[in-house]
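The values are calculated or read from the model by the stated rules, or taken from the named source; none is laboratory data. Just so it is clear, the structure is predicted and the values come from calculations on it, not from any experiment. Here the Cβ is made from the backbone with ideal geometry for all residues, glycine too, and neighbour counts use every protein chain on show. Surface areas here come from the heavy atoms of the whole protein model, side chains and all, with no ligands, DNA or RNA. Shrake-Rupley method; radii C 1.70, N 1.55, O 1.52, S 1.80 Å.
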Amino acid sequence: MHIDKIRVILSAHGRLTQPVDKLDDNSDLYQAGLTSLATVGLMLALEDEFDIEFPDSVLSRKTFGSIETIADTVEDLLD
Amino acid sequence: MFTLSSEDNTNFTELLKAVHKIGSKTIAKHAQDVDQKARFPVESFAAIKSLNLMSAYVPVKLGGMGLNVEQISKICEVLALYCGSTAMIYSMHKIQVACIVHHCMQVDYFKNYVKKLVSEQRLIASATTEIGTGGDLLSSFCAVKESDGQFTLTKKAPVISYGEAADDLMLTARRNIDAPNSDQVGILLTKEQFQLEPISGWDTLGFRGTCSSGFIVTASASIAQVNPVPFSEILSQTMHPFAHITWASLWSGICTDAIDNARKFVKNSVRRNPDMPPISSIRLAEVTGSLNNMRNNISASIKEYTEMLIIGDSDAFTNFGFSTRINNLKISSSQMLIDIVGKAMMICGISSYRNDSELSLCRHIRDAYGASLMVNNDRILMHNATLVVMHKEAR
């Protein structure tokens, strides 16, 4: 459920060099072209969509490394 | 990942005395010639090798001195009192040593290499930037082209500091010819395995002894020399923090030497007129405060990084807050370097502006301007500009 929403957001804000539907949930998003600038847009869109705020403890390169790690983080923040 | 162990360093004070000794007896004596001719400081490195300092960061169990980040930074600072270029080269070499010690010890080739580094006191250069990537260390065009356990590689490097003087070269490349630009590995080559074709010289304002010319590197070696660990991990855990901490430390050494000159000048004024403190003593007080701030910043970063190495949580190094703080250390220290040396010159006046004066600060101020341009502060600030939108300092 969250994964589908995250894929839509990633597609709109990730500025990836390949289509999101070609990526697996555990594909490396940095290898797919995710930049630090695009991460900002991605994070803001995720915060708006799920009405959450990313605390500093999860703000790392790893959190945005794959669709799976984003989903895990969102899941934790919603709990 | 690598975790720090506490080893016996009781001899460090003695070692520092020895570094000061080679500094005043050898390194300082050749600093002007190195600067004028923009040549590699051979005398400095013969002296540094005589103290086994090339392997100072290698753990004791592998034959090195087992010094920690704080101690390596201190050595960089002390070397910079005598010659900025020597300190810069030493720092860049040590960054590569740290990358090998932290990240390559699972690979037999690198394990054996460390023994050679200890016994032969080898000098390692690096080629991490590439023409066309816009200074982005996390992107490579060149790739490892493998065939029957061997590989070939060609890299257009805009800068390889002391490339021609180095024994070995660490470079980054794509893992294989099909890998995306961001899938990088580190490769260690020995001198006979690579050729350097010069594409640009190094006739610069400062740090002239680092001889940071551009080259096309062509290499051919065994696939065993490729470290499979993703380069992004090496960069975030070691190269990025270690570089900015040791650079800032050596810049503080340049500042300390400039302030020493300023103090000599003020002392002479006081001697001439003991009844009235000279106006320049106020400036000396002010600039000493700036150096204190700079050193405090460095200490805080060393403390944070050392604690992270002891805990050994590899994810912590990619935290945006940590990246931002390490970037800020580089930005603020390089700006303070210009400010402090400039103020020391204001105190010393024309005698610091002369090349032929005992109180000359000409080389210091020329070196100082390099610090904010090399790994350009604006690019780092731009990177921070994206990180700070997300990261909040702890409340």
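A few remarks follow.
- Euclidean distance of C-alpha centroids, the stretch B:114-166 and the stretch A:8-79, integer Å: 32
- Each residue, residue B:385 and residue A:25, gets one label point 7 Å from its Cα in the Cβ direction; the gap between the two is 3.8 nm.
- For residue B:119, the solvent-accessible surface with a 1.4 Å probe is about 90 Å², rounded to the nearest 10.
- Å² of accessible area per residue within chain A, as computed with a 1.4 Å probe and no ligands counted: 52
- Our Cα-only numbers for chain A put the radius of gyration and Dmax at 11.2, 32 Å.
- For the stretch B:12-122: rounded, prolate or oblate by the Cα gyration tensor [a/c cutoff 1.5]: prolate
- Between the Cα long axis of helix B:362-373 and the first principal axis of chain B there is an angle of about 40°, rounded to the nearest 10.
- Isotropic mean projected area of the C-alpha convex hull, the stretch B:246-334 (nm²): 6.7
- Paired Rg and Dmax values of the protein assembly as shown, which use every Cα atom, in angstrom: 23.7, 82
- The modelled label-to-label distance for the pair residue B:273/residue B:205, using points 7 Å beyond Cα in the direction of Cβ, is 3.4 nm.
- Taking a straight Cα-Cα cut-off under 17 Å and skipping sequence neighbours fewer than 8 places away in the same chain, the lysines within cross-link reach of residue B:21 are B:29, B:49, B:74.
- Annotation: extensible slack from residue B:178 through residue B:283 equals 31.9 nm (criterion: 0.36 nm per residue apart, minus Cα-Cα distance).
- A full extension of the chain between residue B:293 and residue B:52 corresponds to an added length of 83.6 nm, given 0.36 nm per residue minus the alpha carbon distance.
- Each residue was assigned an accessible area with a 1.4 Å probe, and for residue B:156 the value is about 110 Å².
- The modelled label-to-label distance between residue A:72 and residue B:358, using points 7 Å beyond Cα along the C-beta direction, is 6.5 nm.
- Working note: 222 nm ellipticity from helices only, DSSP H runs with n ≥ 4, each -39,500 (n - 2.57), summed and divided by the residues of chain B, gives -17000 deg cm²/dmol to the nearest 500.
- List A:22, B:343, ordered by accessible area with a 1.4 Å probe, largest first: A:22, B:343
- The alpha-carbon atoms of the stretch B:137-181, seen along their principal axes, cover 32, 25, 13 angstrom, with the largest extent given first.
- Distance histogram for the stretch B:244-395 (every C-alpha pair counted, 10 angstrom bins, percent rounded to whole numbers): 11, 33, 28, 16, 9, 2, 0
- Paramagnetic reach from residue B:392 (point 7 Å along Cα→Cβ, amide N under 17 Å) across the stretch A:43-67: A:43-60
- Surface composition of the protein assembly as shown: carbon and sulfur make up 53 percent of the accessible area, probe 1.4 Å.
- Note on chain B: with a GNM built from Cα contacts shorter than 10 Å, the maximum mean-square fluctuation among B:12, B:317, B:265 falls on B:12.
- Crossing angle, helix B:84-103 versus chain B [Cα axis fit, 0-90 degrees, rounded to tens]: 40
- Accessible area of residue A:48 (1.4 Å probe, protein heavy atoms only, ligands and nucleic acids ignored): about 130 Å².
- Shape summary of the stretch B:64-204, radius of gyration then Dmax from alpha carbon positions: 15.8, 50 Å.
- Seen against the Cα atoms of chain A and their longest principal axis, helix A:2-13 is set at about 60 degrees.
- Distant alpha-carbon pairs in the stretch B:126-227 (separation over 21 angstrom), percent: 30
- Computing FRET efficiency as 1/(1 + (r/R0)^6) for residue B:373 and residue B:33, where r is the C-beta to C-beta distance and R0 is 22 Å, gives about 0.35.
- Heavy-atom accessible area ranking, 1.4 Å probe, most first, across B:37, B:155, B:392: B:37, B:392, B:155
- Rg/Rh, computed from the Cα trace of the stretch B:75-128 with Rh as the Kirkwood radius, has the value 1.04.
- Sites residue A:2 and residue B:339 - FRET efficiency at Förster radius 35 Å, r taken between beta-carbons, to 0.05: 0.10
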